[in-house]
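Q: What follows is a structure written as structure tokens; I'll ask about it next.
Each reported figure results from applying straightforward, stated rules to the coordinates on display, with no laboratory input. Computed from a predicted model, the values in this text were never measured in an experiment. Cβ sites come from the backbone with ideal geometry, for glycine too, and all protein chains shown count toward neighbours.
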Amino acid sequence: MKYYSNYRFPEGSRAFVDVTKPPYCVDNTGHTDCTRTLVRIIDDLRQSTIDGLRYTADLLENHTPEPTKWYASGVRKTKGVIQLTYPIDLVQVPTIYFPAGTYLVSDTLTYTVKCMRNRCYRLNINGTEINWCIRIMGEDRGRTVIKLQDNCPGFGPGGERAVICYMNAEWSNMAMSNYLENITIDTGAGNPAAIGVIFDANNSGSIRHVTIRSSDPDHCGFAGVHVKHDFVSACNVRDLEVDGFEYGLKIEPVRNFASLEDIRLVNQQRAGICVRDTPVSIRQLKFTGDRPGLYINGVAANVVLTASEFTSTGDLYEAIRIVRGCAMISDVTTKGFPLAVCRFWGQQKIPDGYISSYTTHEARTLFDGEARTLGLAVPPLPDVDNGSNETGCCVNDFGAAGDGDHDDTAAIAAAFSSGAEYVWFQPGLYRITSTIEIPATVKHINFSFCDISSGGDVTETKGSSVFRISGDSEKLLFIERLFTFEKCFGLFCMFSHECVRPLYLRDIHTQSCACYRNTVPGSVVYLENVACTIGNHNSPEHRAIPCFDFKGQTVWGHAINPERSRYETVNDGGVMWIHGFKAEQNGTIALTVNGGKTEILGGMCTHGGNDGIPCIENVDSSVSAVFSTGGCGNQVYSVIASETRNGKTRILESKGLPEREAGFFHNVPLYSGIKEK
């Protein structure tokens, strides 16, 4: 994709730290060990979070704020006790940028600063990790290489160790907005314990356009990507190449999910992808080797595998081995294997060849009709530019301050109406008090992971929006890199789509308001790594607003995270396809009405209320869905699906479905409620 072939950030942007520039001046010739300096860069950027936590703790200790001014659920003082989950102000953390070159390392690149814990007064270590906003990007995937020294101490037999690690504790619920993009990791030769990357993220975060290789002649190394920490809820991997290792990817946690697309694996010594207890969505996997391409062995696993190819270079192992757990497989080709699928150590076998549709467990229907997936024809994500070839401008050049105090509405509106095709932001907190139009002349908006503070008409007018997309156009509008937190809070949405125009939202995270609605049908909407949390989940007014409200749209959702709404997504008479999701706080992941079509290929409904609210609502429409439920304690979804046809409603209860853990949570191998013509 041209967007990542030669990535250059806008001149003057503070959203990036170039590691080769002062004060760090990292060597990119591959001759000097730069581990210590790279770790220092990560620590320096983490320090802003530490400072923010200390500032917030002091603020809470010395004041007794009114509840209306301190609505943040993770920043409060209750009966004199401080509950501190994160800083009151979202920390602006730049992306660590690696220009083309080779960067020699001899140890793990990760943060080492202490006091990275939350949920406790004075940053006591008994809390959970804050490991958010770790963003690493290379200039060019083929020319930007982080190279582990050959025969490196600490990477020998007897343990696993990563070249890049996003998580140093056991778990986190504050690992938002972590990224690894456009880079190659080479684990060298003679490093059998090496892992390319241990990845962790919550709600939003991705590995994208990355190559991980072992340059050992025997392809040794433990894993290309290892996902092992609980509560990971944004393991979104797209366009990944792994060459070598015991496992291309090893994915283990029991909670939440992983979404993998466009994965190419060769020379694995044990398995291409190993899934333990995680719901995993896999699409467009190409595996070549003499071991199983996919190995599933966990009672809580629920794997969706579609549109994939397996090619054998041996004759001993099946393409897909399933020991425990659930799987739904469709449109998969295997070539040269003794078997395509072997389940229960040979008790169930599928011959080598083409698998049109297969489920390990019984598919469920509530009315007459075939139990099947909708099998929607999925287009590729749009090919987008990085802005270097577009006529661009920065909102700050029009007077936007981004300091959280000044009203930046007029300045941002002026930038959008200037005629520039590409509009970008400096990092900061931008105060917006009335809806800003995005006209048809704008093709690309890069928010640089800035934050927004809402006020004025935006917050005072129920049903308003921060941005209004206006002006019919056949030209795609691409909006990326927005991370708004709890100062953009209210009964409004971020983007109101009020025209017919294709839209691509990528790497968008709205923590305290709805993300999207449209008033004019007929557009195509692409979502990639988009998270939305409706402010106060205890407020009926907030819960009544869907995170994503689609009316007559065609929606292609690649890894989404809607939370806290009664209806997380609404498909009113359109087409909606979701590949991987995490929904939270006792809501319905998809309401489909007025003849809409919804296909869900994997994900997690978590923290139900055990009160009959279903995961799926299907009203005279067509829905097929594979997913899992989870949570803590008795946060159970007792009803999986509610389907209404011609005024008659039936429900699918969780009882009787494959159990995941403790008898409370379940896998849904396939629910199918398709309205035939």
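Q: Kindly work out what percent of the DSSP beta bridges joining two residues of the chain are antiparallel, to the nearest 5. List each step's numbers first, then the result.
A: Working: 27 of 213 bridges.
Expressed as a percentage, antiparallel bridges in the chain total about 15.
Q: Alpha carbon centre of segment 484-534 versus segment 539-559: separation in Å?
A: Cα centroid of segment 484-534 versus Cα centroid of segment 539-559: 8 Å apart.
Q: Please arrange Leu476, Leu305, Leu109 by how many other C-beta atoms lie within 10 Å of their C-beta, fewest to most. All intermediate terms of the calculation are to be shown ahead of the outcome.
A: Details: Leu476 16, Leu305 28, Leu109 24.
Ascending number of Cβ neighbours within 10 Å: Leu476, Leu109, Leu305.
Q: Could I have the simple spin-label model distance between Asp218 and Glu61, label points 7 Å from Cα toward Cβ, reported in nm to one decimal?
A: Modelled inter-label distance: 5.5 nm.
Q: Go through segment 588-602 residue by residue and turn each phi into a ³J(HN,Hα) via Karplus (6.51, -1.76, 1.60, θ = phi - 60°); whole Hz please, and just put x for glycine and proline.
A: Using θ = phi - 60°, the values come out as 8, 5, 8, 9, 10, 9, 6, x, x, 10, 10, 10, 10, 10, x Hz.
Q: Find which of Val19, Ile640, Met494 sits farthest along the positive direction of the dipole of the chain, computed with +1 on the beta-carbon of Lys and Arg, -1 on that of Asp and Glu, about the Cα centre.
A: Ile640
Q: In sequence order, what are the phi-derived ³J(HN,Hα) couplings for segment 408-416 according to the Karplus relation 6.51 cos²θ - 1.76 cosθ + 1.60 with θ = phi - 60°, rounded to whole Hz, with x for glycine and proline?
A: 9, 4, 5, 5, 5, 4, 5, 5, 5
Q: Then there's this: What is the antiparallel percent of DSSP beta bridges lying wholly in segment 275-360, to the nearest 5? Before the final figure, lay out each step's value.
A: On the way: 8 of 34 bridges.
The antiparallel proportion sits near 25 percent.
Q: Using amide H atoms built in the peptide plane, which far-off residues or other-chain residues are under 5 Å from Phe98 H to H?
A: Residues meeting the criterion, in which the H sits 1.01 Å from N, are Met137, Gly138, Glu139.
Q: Using 1/(1 + (r/R0)^6) with R0 = 25 angstrom and r between the beta carbons of Thr391 and Ala100, what's the FRET efficiency to the nearest 0.05? Mind dumping the intermediate values first?
A: Details: r = 26 Å, r/R0 = 1.04.
Efficiency at R0 = 25 Å is approximately 0.45.
Q: Out of residues 5 or more away from Thr211 or on other chains, whose amide H comes under 5 Å of its own, with H placed 1.01 Å from N in the peptide plane?
A: Ile183, Thr184, Ile185, Glu241
Q: Then there's this: Residues with beta-carbon under 11 Å from that of Thr334, excluding Thr334: net charge, scoring Lys, Arg +1 and Asp, Glu -1? Intermediate values should be presented prior to the final figure.
A: Values: positive: Lys335; negative: Glu309, Glu318, Asp352.
Counting the neighbours of Thr334, the net charge comes to -2.
Q: Peptides 41-51, 231-241: what's the order by average Cβ count within 10 Å, highest mean first?
A: On the way: 41-51: 17.5, 231-241: 24.4.
Highest-to-lowest ranking by the protection proxy: 231-241, 41-51.
Q: What are the ³J(HN,Hα) couplings of segment 81-86, residue after residue, when phi is run through the Karplus curve with 6.51, -1.76, 1.60 and θ = phi - 60°? Round to Hz, x for glycine and proline.
A: For segment 81-86, the Karplus curve yields 9, 7, 10, 10, 9, 7 Hz.
Q: Tell me the mean residue ellipticity at 222 nm calculated for the chain from its helices only (DSSP H runs of n ≥ 4, each -39500 (n - 2.57), averaged over every residue, nearest 500). Mind showing how you got there, number by number?
A: Values: 5 runs with 49 residues, N = 677.
Counting only the DSSP helices, I get -2000 deg cm²/dmol.
Q: Further question on the same structure: If I model a spin label at Thr29 and Gln47 as a point 7 Å from the Cα along the Cα→Cβ vector, what separation in nanometres do I get?
A: Each label point lies 7 Å from its Cα, and together they span 2.9 nm.
Q: Relative contact order (percent) for the chain, with alpha-carbon contacts under 8 angstrom and 6 or more residues of separation? Show your work: numbers first, answer last.
A: Values: 2144 pairs, mean separation 51.6, N = 677.
After rounding, I find 8 percent.
Q: Right, another one. How about segment 601-666: which trypsin sites (Lys or Arg not before Pro) there lie in a loop by DSSP and see at most 16 other Cβ atoms within 10 Å? Walk me through the intermediate numbers first.
A: On the way: sites: Arg645, Lys648, Arg650, Lys655, Arg660; in loops: Lys655.
Answer in residue order: Lys655.
Q: I would also like to ask the following. Could you please rank Glu498, Glu486, Glu661, placing first whichever residue has the fewest other Cβ atoms within 10 Å of its Cβ? Can you show the working numbers first?
A: On the way: Glu498 18, Glu486 22, Glu661 14.
Fewest-to-most ranking of Glu498, Glu486, Glu661: Glu661, Glu498, Glu486.
Q: Within 10 Å, count the other beta carbons around each residue, average over each peptide in 336-348, 624-636, 156-168, 19-31, and list them highest first.
A: Details: 336-348: 16.4, 624-636: 21.6, 156-168: 18.1, 19-31: 13.6.
Top to bottom by mean Cβ count within 10 Å: 624-636, 156-168, 336-348, 19-31.
Q: Now, a different point. Are there trypsin sites (Lys or Arg not before Pro) in segment 372-444 that DSSP marks as loop and that have at most 16 other Cβ atoms within 10 Å, and which are they? Before the final figure, lay out each step's value.
A: Values: sites: Arg372, Arg431, Lys443; in loops: Arg372, Lys443.
Those that pass, being in a loop and sparsely packed, are Arg372.
Q: Can you tally the net charge around Lys675? Count Lys and Arg as +1, Asp and Glu as -1, for every other residue whose Cβ sits under 10 Å from the Cβ of Lys675. Before the final figure, lay out the partial values.
A: On the way: positive: Lys597, Arg645, Lys677; negative: Asp620, Glu643, Glu676.
The answer is 0.
Q: Going by amide H atoms built from the backbone, whose H comes under 5 Å of the H on Gly580, apart from near neighbours?
A: Ala559, Leu601, Gly602
Q: A further question on this structure: What is the spin-label model distance, in nm, from Glu676 to Asn594 if the labels are put 7 Å beyond Cα along the C-beta direction?
A: 2.7 nm
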